[in-house]
Amino acid sequence: MNWYAIYTKPRNEKKVVANIQSLGIEAYCPTISVVKQWSDRKKTIIQPLLSSYVFVKLDEKDRSLVFQVPGVVRYLFWLGKPAIVREQEIQAMKELQEEKYKKVCVTGMARGEKMTITEGLFKGQTATLIEEKNNKTILVLDSLGTTLILEK
């Protein structure tokens with residue numbers, strides 16, 4: 001069995017995971033805690049780390065089962081085949097999700113330069129620097145093709 005990345009409708013990740021698990025399929029959506037500011041209060045909420053992405057573990061022949069779940073749009077493809085996410089990457093996300101980082105810094109890099117992330121949730125992943133300005137650093141994770149925005 002392999003892990004596959006599924007693209008979901010926006011803000012449907014948690015519902016999709018629950019419904020896929022009810023079908024007896026292993027599903028995972030990495031989450032982070034974020035403090036949101038409203039006009040009258042602050043609240044800590046848990047939101048998906050990768051918007052609109054859910055990971056499922058199943059056999060190639062059972063891939064069509066996930067389309068029974070409302071909110072599932074499509075599989076993520078890489079070179080014309082469904083993208084397979086390595087078990088080590090899923091385990092790393094699960095293990096490192098517990099670690100809390102208040103600050104992530106990237107310095108001394110030029111636009112387009114590749115780097116290996118050494119700390120945090122994506123430790124060991126290769127990324128390409130897209131932009132660094134003010135308090136934001138924008139990276140693209142090579143293995144998932146996903147944009148990662150780091151704020152200081």
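Worth pointing out:
- The C-beta contact set for region 48-66 (first residue in contact (Cβ under 8 Å) with a residue 40 or more places away in the chain and of a type in the set (Ser, Thr, Tyr), second residue open to solvent by less than 40 Å² (accessible area, probe 1.4 Å) and part of a loop (DSSP other than H, G, I, E, B), distance under 8 angstrom, 6+ apart or interchain) comprises 52/12; 53/29; 53/76; 53/144.
- Lone unmet requirement of (1) free of Cβ contacts under 8 Å to residues at least 40 places away in the same chain; (2) of a type outside the set (Lys, Arg); (3) under 26 Å from residue 75 (Cα atoms) for residue 145: (1)
- Filtered residues of region 49-75 (kept if open to solvent by 20 Å² or more (accessible area, probe 1.4 Å), closer than 15 Å to residue 144 by Cα and at pLDDT below 90): 49, 51
- Yes/no for residue 36 being of a type in the set (D, E, K, R) and open to solvent by 80 Å² or more (accessible area, probe 1.4 Å): no
- Qualifying positions in region 95-128 - out of contact with any Leu (no Cβ under 6 Å at 6 or more places or on another chain), at pLDDT 70 or above and among the hydrophobic types (A, V, I, L, M, F, W, C): 115, 117, 122
- Test result for residue 89, within 25 Å of residue 130 (Cβ to Cβ), modelled with pLDDT under 75 and either open to solvent by 50 Å² or more (accessible area, probe 1.4 Å) or not hydroxyl-bearing (Ser, Thr, Tyr) (or both): no
The values are calculated or read from the model by the stated rules, or taken from the named source; none is laboratory data. Quick caveat: nothing in here was measured; it's all calculated off a predicted structure. Heads up, the Cβs are rebuilt from the backbone with ideal geometry, glycines too, and the neighbour counts pull from every protein chain shown. Only protein heavy atoms, including side chains, enter the accessible area calculation; ligands, DNA and RNA are left aside. Shrake-Rupley method; radii C 1.70, N 1.55, O 1.52, S 1.80 Å.
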